[in-house]
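So the structure is just underneath, and the comments pick up after that.
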Amino acid sequence: MIEVRELSKIYSIDGQVFKAVDNVSFRVQRGEMMSIIGHSGSGKTTLLSLIGGLTKPASGSVLIEDRAIWSMSDDDLSEFRNKKMNFIYQFSSLVPTLTSLENIMLPTAFGDYGEDVAGYAKELLALVGLKEKENSYPSHLSGGQQRRIAIARAFINRPDIVLADEPTGDLDEETEAEIISLFTTMNKEAGTTFVIVTHNKDIAARAGHRLKMANGVVSEINAG
């Protein structure tokens with residue numbers, strides 16, 4: 001479903017060339033859950049942005065369902081992203097003037113997702129344990145609650161692919177376990193494909209396909 005081919009991203013900092021992603025290649029099968037671990041600065045977030053069509057590579061290609069996303073026009077790529085994938089960022093990035101329910105529904109403003117979007121958004125709120133916060137604004141939510149709203153938002157368009165960057169970074173252990181359980185359910189029951197960047201080895205171990213990233217280079221981690 002996702003094929004990364006000889007992907008590289010190069011930055012120039014103070015006249016020095018820095019390879020954030022260095023000739024990376026791998027595949028993610030449909031319905032697979034992949035984790036990518038590595039220290040801060042290893043290139044994990046940049047790699048996720050390249051896969052998701054947010055950062056343009058210096059070289060190489062990303063194919064999703066056999067479509068080379070970096071050969072698309074900006075409009076086509078935006079539409080493709082909106083229909084096929086969603087993101088969970090390191091930070092919640094909620095819109096402060098929108099309620100929890102409205103924040104979850106926000107991605108559906110850019111396409112036709114049927115009539116009962118609000119109903120599904122309420123289901124997702126319940127799944128992340130925040131049913132009672134439907135009308136709350138971000139300023140009235142804790143950091144962990146905001147993160148859970150952002151996670152619920154990632155599923156509102158029923159994406160084929162979820163790209164998650166440290167999705168449980170500021171959650172307590174109990175909530176973290178609940179969110180990972182949600183990911184597992186979406187993966188098994190809805191067939192959602194996950195690529196999860198994480199420092200957490202316990203989360204990484206739950207994935208069927210595991211990679212490690214260091215100095216922009218990716219290597220496989222053998223199961224078990």
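Scoring Lys84 on the criteria (1) within 16 Å of the chain's Cα centre (by Cα); (2) farther than 28 Å from Asp22 by Cα leaves a single failure, condition (2). Residues in segment 2-41 that are crowded, with 16+ Cβ neighbours inside 10 Å and among the small types (Gly, Ala, Ser): 4 in all.
The single condition from (1) buried (at least 21 other Cβ atoms within 10 Å of the Cβ); (2) at pLDDT below 90 that Ser181 fails is (1). As for segment 131-149, it holds at least one residue that is assigned to a loop (DSSP other than H, G, I, E, B) and either farther than 22 Å from Val95 by Cβ or out of contact with any helix residue (DSSP H, G or I) (no Cβ under 9 Å at 6 or more places or on another chain) (or both).
Scanning segment 62-94 for residues that are out of contact with any strand residue (DSSP E or B) (no Cβ under 8 Å at 6 or more places or on another chain) and either within 17 Å of Ala164 (Cα to Cα) or of a type in the set (A, V, I, L, M, F, W, C) (or both) yields Met72, Leu77, Arg81, Asn82, Lys83, Phe91, Ser92, Ser93, Leu94. When segment 153-178 is limited to residues that are at pLDDT 80 or above and small (Gly, Ala, Ser), the one that is farthest from the chain's Cα centre (by Cα) turns out to be Ala177.
You will find that of Ser25, Ser42, Ser35, Ser78, the residue that is within 12 Å of Val4 (Cα to Cα) and not hydrophobic (A, V, I, L, M, F, W, C) is Ser25 and no other. Of all residues in segment 46-83, those that are surrounded by 13 or more Cβ atoms within 10 Å (Cβ to Cβ) and either touching a Leu at 6+ places or on another chain (Cβ under 9 Å) or within 22 Å of Gly216 (Cβ to Cβ) (or both) total 20. Is segment 151-173 home to any residue that is buried (at least 18 other Cβ atoms within 10 Å of the Cβ), out of contact with any Lys or Arg (no Cβ under 8 Å at 6 or more places or on another chain) and of a type in the set (Lys, Arg)? Checked against the condition, which is being buried (at least 18 other Cβ atoms within 10 Å of the Cβ), out of contact with any Lys or Arg (no Cβ under 8 Å at 6 or more places or on another chain) and of a type in the set (Lys, Arg), segment 151-173 yields at least one hit. Annotation note: of Pro96, Pro107, Pro138, the sole residue that is surrounded by 17 or more Cβ atoms within 10 Å (Cβ to Cβ) and modelled with pLDDT of 90 or more is Pro138.
Just to be sure before I move on: is Phe155 part of a helix (DSSP H, G or I) and closer than 24 Å to Gly53 by Cα in the structure I sent?
Working: part of a helix (DSSP H, G or I): no; closer than 24 Å to Gly53 by Cα: yes.
So Phe155 fails the test.
Screening Lys84 with (1) basic (Lys, Arg); (2) at pLDDT 95 or above; (3) in contact with a Pro (Cβ under 9 Å, 6 or more places away or on another chain) gives one miss only, at (2). Across segment 181-212, the number of residues qualifying as under 13 Å from the mean Cα position of the chain (by Cα) and closer than 19 Å to Arg147 by Cβ comes to 7. On the stretch given as segment 184-196, residues that are buried (at least 19 other Cβ atoms within 10 Å of the Cβ) and farther than 15 Å from Glu32 by Cβ total 0.
The values are calculated or read from the model by the stated rules, or taken from the named source; none is laboratory data. Nothing here was measured: the structure is a model prediction, and the numbers come from that model. Glycine gets a Cβ as well: all are built from the backbone with ideal geometry, and neighbour counts include every protein chain shown.
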